[in-house]
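Have a look at the structure below before the remarks.
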Amino acid sequence: MDQRPTLDAYLDDTAPSLSQGNDLATVISRLARAAVELAELIAAGPLAGIDGRHYGTNCGGDAQIDLDVAANALMCSALRNTPVAAIVSEEAELPNILDSEAELCVAIDPLDGSANLANNISTGTIFSIRPRSRDALSSFFEPGTAQRAAGFFIYGPQTTLVLALDSSVDVFILDRKAGTFVLIRRGVRIPAHAPEFAINMSNRRHWNGAVQAYINQCLLGTSGEHGEDYNMRWIGSLVAEAYRILVRGGVFLYPADTRRGYREGRLRLLYEAHPIALIMEWAGGAASTGRDRILDLSAQMPHQRTPLIMGSAPAVRDLDIRHQGVQPLFESSDAPLFARRGLFL
Ligand code: F6P
């Protein structure tokens with residue numbers, strides 16, 4: 001018989017020693033139940049009446065399909081009547097206040113990478129849990145270090161939960177027959193080095209000089225500064241990239257670039273970068289914009305974007321060093337800084 005603890009047993013064991021532990025356990029367990037339902041819906045797809053219909057765009061300008069709407073409804077209703085004061089969701093323009101006296105606040109991307117579903121590629125739900133500060137809304141403007149827990153579900157070949165709780169990163173797999181998550185790995189540590197990078201190379205001409213220089217060295221392989229050949233991966237699904245890094249190490253970059261709408265990067269601070277950065281750091285890796293540690297950043301707007309560089313700590317540090325002295329991108333795409341810095345091209 002399998003002796004691995006279920007998520008609920010793990011939470012019963014871990015929660016009592018944590019401040020607000022029972023509240024955290026309730027929220028995580030409710031999200032997990034919703035993720036089981038969402039995994040079924042995704043797996044059934046057209047058989048469950050889901051056909052990837054476009055609903056238009058969400059408040060951030062990303063295309064929204066029927067499953068984004070269904071995922072948002074599932075996750076938000078799972079958080080009703082829990083110790084959650086307010087939710088910031090990628091799919092809703094404004095924060096949703098549930099109970100202004102409750103102790104926790106949740107930022108969530110209900111279905112990250114949903115554009116990949118048409119291609120049968122992994123997608124995920126990313127969440128961040130923080131304590132309510134003086135009032136529910138201002139909690140979201142605290143830095144990422146305020147997070148008490150974070151995690152993501154991956155809807156892929158397996159439905160997986162990566163959970164950062166109590167300074168540890170632990171991994172669970174959905175036992176589909178039992179409908180429960182089961183612990184498979186405790187205390188994940190990101191390998192300190194792997195010659196592997198992930199970036200959307202099609203944007204190369206729009207990057208700043210520091211990113212150009214780093215990637216050029218990777219491409220030069222044994223004849224470049226890194227002195228070894230690099231492999232490249234780009235799935236276009238943040239949860240899948242983050243999971244690969246937890247398993248194999250390496251570095252992922254979604255930098256700011258000179259395209260309109262990308263000058264602060266593409267990914268969202270509250271429900272993508274903050275939770276993923278907590279996971280990276282608690283697993284011994286790092287996450288940065290190239291200039292600042294992601295967990296030190298505070299959002300000024302619910303859907304604020306940020307550049308994100310994450311992965312094995314030495315690679316992230318290398319990129320931080322390369323950013324020193326390279327000015328942030330110009331606000332006008334007419335005069336991108338890197339275009340004048342021929343030495344980085
Ligand atoms: O935020 C949505 C997302 O799909 C991420 O999961 C992924 O890392 C990124 O966008 C991919 O962006 P692009 O299509 O620009 O490469």
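The values are calculated or read from the model by the stated rules, or taken from the named source; none is laboratory data. Values in this document were obtained by computation on a predicted structure and should not be read as measured data. Cβ placement follows ideal geometry from the backbone for every residue including glycine, while neighbour counts extend to all protein chains displayed. The protein model used for the area step is the full one, side chains on, heavy atoms only, and it has no ligands, DNA or RNA in it. Shrake-Rupley method; radii C 1.70, N 1.55, O 1.52, S 1.80 Å.
Run the helix sum for the chain: -39,500 (n - 2.57) per DSSP H stretch of 4+ residues, divided by residue count, reported at 222 nm to the nearest 500 deg cm²/dmol. Display every interim value, and only then the final one.
On the way: 9 runs with 96 residues, N = 345.
Using -39500 (n - 2.57) per qualifying helix, the result is -8500 deg cm²/dmol.
Evaluate the Kirkwood expression for the hydrodynamic radius of segment 147-257, namely the inverse of the mean inverse distance over all pairs of different C-alpha atoms, and round to one decimal in Å. Before the final figure, lay out the partial values.
Working: mean 1/r = 0.0631 Å⁻¹.
Computed over segment 147-257, the radius equals 15.9 Å.
How long is the chain along each principal axis, judged by its Cα atoms, biggest number first, in Å?
57, 44, 44
Sorted from largest down, give the three principal axis spans of the alpha carbons of segment 236-325, whole angstrom values.
Here the Cα extents, ordered largest to smallest, are 33, 29, 24 Å.
Give me the percent of Cα-Cα pairs in segment 42-120 that sit more than 17 Å apart, rounded to a whole number. Walk me through the numbers before you get to the answer.
On the way: 1464 of 3081 pairs.
The answer is 48 percent, as a whole percent.
Whenever you get a sec, compute what percent of the accessible area on the chain sits on carbon and sulfur atoms (1.4 Å probe). Don't skip to the end; give the middle numbers.
Numbers: 7250 of 14640 Å².
Carbon and sulfur together cover 50 percent of it.
Quick one: in segment 1-133, what % of C-alpha pairs are over 26 Å apart? Display every interim value, and only then the final one.
Values: 2524 of 8778 pairs.
Result: 29 percent of Cα pairs exceed 26 Å.
On average over all directions, what projected area in square nanometres does segment 177-220 have, based on the convex hull of its Cα atoms? Don't skip to the answer; put the middle values down first.
Numbers: hull surface 25.0 nm².
Across all orientations, segment 177-220 yields a mean hull projection of 6.3 nm².
What is the percent of Cα-Cα separations in segment 9-52 that go past 11 Å? Spell out each step's value before the answer.
Working: 643 of 946 pairs.
That tail contains 68 percent of the Cα-Cα pairs.
When a/c reaches 1.5 or more, the comparison of a/b and b/c decides; with that in mind, is segment 128-206 rounded, prolate or oblate per its Cα gyration tensor? Walk me through the numbers before you get to the answer.
Working: a/c = 1.77, a/b = 1.05, b/c = 1.69.
Oblate shape, in that a/c is at least 1.5 and b/c is the bigger or equal ratio.
Rounded to the nearest 0.05, what FRET efficiency do residue 66 and residue 223 have when you use their Cβ-Cβ distance and R0 = 45 Å? Write down the numbers at each step before the final one.
Numbers: r = 49 Å, r/R0 = 1.10.
The formula returns an efficiency of 0.35 here.
Find the accessible area per residue for the chain; the probe is 1.4 Å, ligands and nucleic acids are left out, and the unit is Å².
On the way: 14640 Å² over 345 residues.
Per-residue accessible area for the chain comes out at 42 Å².
Regarding segment 1-77, what's the average projected area of the Cα-atom convex hull, expressed in nm²?
Working: hull surface 30.4 nm².
So the mean shadow area of the Cα hull is 7.6 nm².
Quick one: plug the Kirkwood hydrodynamic radius of segment 200-244 (C-alpha pairs) into Stokes-Einstein at 37 °C, 0.692 mPa s, and report D in µm²/s. Walk me through the numbers on the way to the answer.
Numbers: Rh = 11.8 Å.
Rounded to a whole number, D works out at 279 µm²/s.
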